[in-house]
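Only one structure is covered here, and it is reproduced in the block below.
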Amino acid sequence: MVRTLEMIFNTSQEGRRVTVRVLEPKEDLTGAQILTVMNDIITKNVFTSTAGDLIEAYSARIVQREVIPVELA
């Protein structure tokens, strides 16, 4: 299974959101740890976006999916 942490931010453009994805996050991450990182990303203005500056942590989730490779003949 492939796990992805998705951190979703509100931006300075009203009604717009940006999602930052991290592949294979640590198994034992807590919501408090994720929120701390999200707030650091906002405070330090780490990312630029066409949707404006990241201004608020909206939500976070871990998405788990199964990837099945297909052999090409």
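List of remarks:
- Those residues of the range 26-61 which are under 23 Å from Val2 (Cβ atoms) and part of a helix (DSSP H, G or I), in sequence order: Gly31, Gln33, Ile34, Val37, Met38, Ile41
- Among residues of the range 53-73 that are farther than 30 Å from Asp40 by Cα, those with a beta-carbon under 9 Å from a residue that is of a type outside the set (S, T, N, Q) and loosely packed, with under 13 Cβ neighbours inside 10 Å at least six positions away or on a different chain give the pairs Glu66/Met1; Glu66/Val2; Val67/Met1; Val67/Val2.
- Lone qualifier among Thr48, Thr11 - being hydroxyl-bearing (Ser, Thr, Tyr) and without any contact (Cβ under 8 Å) to a residue 12 or more places away in the chain: Thr48
- Cβ-Cβ under 6 Å pairs, at least 6 apart or on other chains, the range 24-39 side without any contact (Cβ under 8 Å) to a residue 40 or more places away in the chain, far side assigned to a helix (DSSP H, G or I) and among the hydrophobic types (A, V, I, L, M, F, W, C): none
- If you go through the range 1-25 and keep only what is assigned to a strand (DSSP E or B) and not aliphatic (A, V, I, L, M), you end up with Arg3, Thr4, Glu6, Phe9, Asn10, Thr11, Arg17, Thr19, Arg21.
Taken together, the values in this text are just the output of simple stated rules run on the coordinates, not laboratory data. This structure is a prediction, so every number in the text was calculated from the model and none was measured. With ideal geometry, Cβ positions are generated from the backbone for all residues, glycine too; neighbour counts draw on all protein chains shown.
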